[in-house]
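The values are calculated or read from the model by the stated rules, or taken from the named source; none is laboratory data. Since this is a predicted model, take the numbers as computed values, not measurements. Here the Cβ is made from the backbone with ideal geometry for all residues, glycine too, and neighbour counts use every protein chain on show. Accessible surface is based on the protein model in full, side chains and every heavy atom, while ligands, DNA and RNA are left aside. Shrake-Rupley method; radii C 1.70, N 1.55, O 1.52, S 1.80 Å.
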Amino acid sequence: MNNLTRRNLIKAAAATGLAGALGSRIAFAADEPLGITLVVPSPIGDVGWGHALAAGLDPIKAAYGDKVKVTILENIAEGPDADRIMTKTVADGNKFLIAGSFGYQNGALQIARRDPSVSVLHASGFQVAPNFSPFAAKYFQGSYLLGMAAAALSKTGKLGSVSAFAIPELITTINAFTLGAQAVKPDIEVSVVWVNSWFDPAKEQEAAKALIAQKCDVIFSNAQDTPSVIAACEEAGVYSFNLNSSMKKYAPKTYLGCISTDWSPFFKASVDAHLAGTFKGANTFLGVTEKVVEVIDWSPDVPAGVMTKIKEIEAKIADGSFSPFTGPITKADGSEGLAAGATMPDTEIVALDWHVKGVTTPLPK
């Protein structure tokens, strides 16, 4: 996944937007189970992105029982092997595919185009077809809130992020983290180490230690499928937080919180639409309002006054009266990123390829 293209456009849509008329679709055959396959690039463990996706299928299994058959294919590298494996699972009769990584986009899209009877959900992409829906989470809403908490607890004024790949989805979480921190301490700085992997425990731990050596005293584990960063921070006595699922058990003393994702409402609505023969491809960008994104496991060390302010902002994000990307915002190079009073639309947020002022690490070329 070294040659990622920048995402262009995506429109916010609720999960209910998946249901629509599509006459060529084939309705569910009641006498045979629907085969659902989830493909992910990392091992399915007890934490992380893959774990959150797999957990999102549990309510479907509970609701439909033996009317569905769920298969999870883990640790599938992006590229030709993934394309071959996804093609085979569809050829074997599975009609609902969840392609759980950005790098699966091209292969999964070709599958959807070849077989209109298959419904495909694709994580973090931008391509859309009648039976192909990209989906993404507004992680940045949670990272803004945790940025506020991080700044309140930081003694050095230096925060860090161990991040997987320099794609817009992760750039936005870092930017919002920085903006949230600056709302509490305007002069705060954020350093980033890009590990160029979703799953590399040794490299992630090394990156965390490098940031700690730079005096970063709160570290954001940004899209790692292992608790390596969280565990390293616990050992060093440094606060940390992460995406997707709770890692609190790996850092009982210094865990700041988790930006958790609950994909089950979206997955359930998508499967419902497929079974009804009404699945319609659409961009889906879900967050706090839809209860897909939620900050959990807040550290009791966050000062009460700051936590009150955080909860006020969280409520405004939920009702749509506040966005973390509200101007004025200055880019890291000093130019204007967003004018005062302006709110960045989702179509621009998901295509961000620049850092805000305060992020001291240049983006990779």
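Listed by chain and number, the aspartates and glutamates whose alpha-carbon sits under 17 Å from that of Lys253, ignoring those within fewer than 8 places in the same chain, are Asp217, Glu234, Glu235, Asp297, Asp301. For Lys357, the residues whose amide H sits under 5 Å from its own are Thr330, Lys331, Ala332, ignoring neighbours fewer than 5 places away on the same chain, with H placed 1.01 Å from N. Among Asp58, Asp66, Asp200, the order of accessible area from largest down is Asp66, Asp58, Asp200, computed with a 1.4 Å probe on protein heavy atoms.
On the beta carbon distance between Ser117 and Asn196, with R0 = 41 Å, the FRET formula returns roughly 0.65.
This model, with +1 at the C-beta of Lys and Arg and -1 at the C-beta of Asp and Glu, gives the chain a dipole about its Cα centre of some 380 debye. Per the Cα gyration tensor, segment 186-264 maps to an equivalent ellipsoid with semi-axes of 18, 15, 13 Å, ordered largest to smallest. Cross-link candidates for Lys209: which lysines have Cα within less than 17 Å, leaving aside residues fewer than 8 places away along the same chain? Partners within reach: Lys158. Each principal axis of segment 25-108 carries a Cα extent, and these read 35, 28, 17 Å when sorted largest first. Extension gain for the segment Lys249 to Glu348, taken as residue separation times 0.36 nm less the Cα-Cα distance, is 32.0 nm to one decimal.
Rounded to the nearest 5, the antiparallel percentage of DSSP beta bridges internal to the chain is 20%.
Going by Cα centres, segment 136-165 and segment 35-89 are how many Å apart? Cα centroid to Cα centroid, the span is 29 Å. Counting 0.36 nm for each residue step from Ala276 to Lys215 and taking away their Cα separation leaves a gain of 16.5 nm. Each label was represented as a point 7 Å from its Cα along the Cα-to-Cβ direction; for Lys291 and Glu336 these points are 4.1 nm apart. Comparing mean-square fluctuations of Gly125, Gly237, Gly147 from a GNM of the chain with C-alpha springs under 10 Å, the top value falls on Gly237. Only protein heavy atoms count here; under a 1.4 Å probe, Ile36 has an accessible surface of about 0 Å². Qualifying trypsin sites (Lys or Arg not before Pro) in segment 212-266, where qualification requires a DSSP coil assignment and no more than 16 other C-beta atoms within 10 Å, comprise Lys215, Lys253.
Distant-in-sequence amide contacts of Lys69, defined by a placed amide H-H separation under 5 Å and a gap of 5 or more residues or a different chain, comprise Leu34, Gly35, Ile36. Accessible area of Val292 (1.4 Å probe, protein heavy atoms only, ligands and nucleic acids ignored): about 0 Å². Separation of segment 103-130 from segment 302-341 is 34 Å, based on Cα centroids.
Once you divide the Cα radius of gyration of the chain by 2.2 N^0.38 Å, the number left is 0.97.
Computed on the chain, with alpha-carbon pairs under 8 angstrom and 6+ residues apart, the relative contact order is 23 percent. Computed with a 1.4 Å probe on the full set of protein chains, the accessible area for Ile188 sits at about 10 Å². With both labels modelled 7 Å from their Cα along Cα-to-Cβ, the Asp58 to Glu32 distance reads 3.1 nm. Using 0.36 nm per residue and subtracting the Cα-Cα separation, the extra length available between Leu363 and Val306 on full extension is 17.4 nm. Computed on protein heavy atoms with a 1.4 Å probe, the accessible areas place Ser321, Ser260 in the order Ser321, Ser260, largest first.
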